[in-house]
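Below: the structure, in structure tokens.
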Amino acid sequence: MTKTLTRAVESVQRAVDGLRAVDYLRVSTEEQTKGYGIAYTGKRTKAHIAKKG
């Protein structure tokens with residue numbers, strides 16, 4: 001691994017240390033941006049994470 005990549009990986013490891021949940025939201029198609037898109041999914045996963053503590 002290059003020094004730059006190693007530093008980046010170490011930075012990410014420090015940033016996520018202690019996290020219990022991560023909310024990764026994305027869409028693969030234009031159709032997914034309608035209806036149950038990112039905003040809807042984000043609200044649902046945020047509520048689920050909060051409920052679980």
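The values are calculated or read from the model by the stated rules, or taken from the named source; none is laboratory data. Computed from a predicted model, the values in this text were never measured in an experiment. Cβ: placed from backbone, ideal geometry, glycine included. Neighbour counts: every protein chain shown. The accessibility values were calculated without ligands, DNA or RNA, using every heavy atom of the protein model including side chains. Shrake-Rupley method; radii C 1.70, N 1.55, O 1.52, S 1.80 Å.
For this structure, a couple of remarks:
- Scanning the range 40-53 for residues that are under 13 Å from Arg26 (Cβ atoms) and out of contact with any Leu (no Cβ under 7 Å at 6 or more places or on another chain) gives a single hit, Thr45.
- Of all residues making up the range 29-41, the number that are part of a loop (DSSP other than H, G, I, E, B) and surrounded by 11 or more Cβ atoms within 10 Å (Cβ to Cβ): 2
- Exclusive hit being out of contact with any Phe, Trp or Tyr (no Cβ under 8 Å at 6 or more places or on another chain), open to solvent by 90 Å² or more (accessible area, probe 1.4 Å) and outside any helix (DSSP H, G or I), set Arg26, Arg14: Arg26
- Residues in the range 1-51 that are of a type in the set (Ser, Thr, Tyr) and modelled with pLDDT of 80 or more: Thr2, Thr4, Thr6, Ser11, Tyr24, Tyr40, Thr41, Thr45.
- Filter result for Arg44 (among the charged types (D, E, K, R), over 15 Å from the mean Cα position of the chain (by Cα) and part of a helix (DSSP H, G or I)): no
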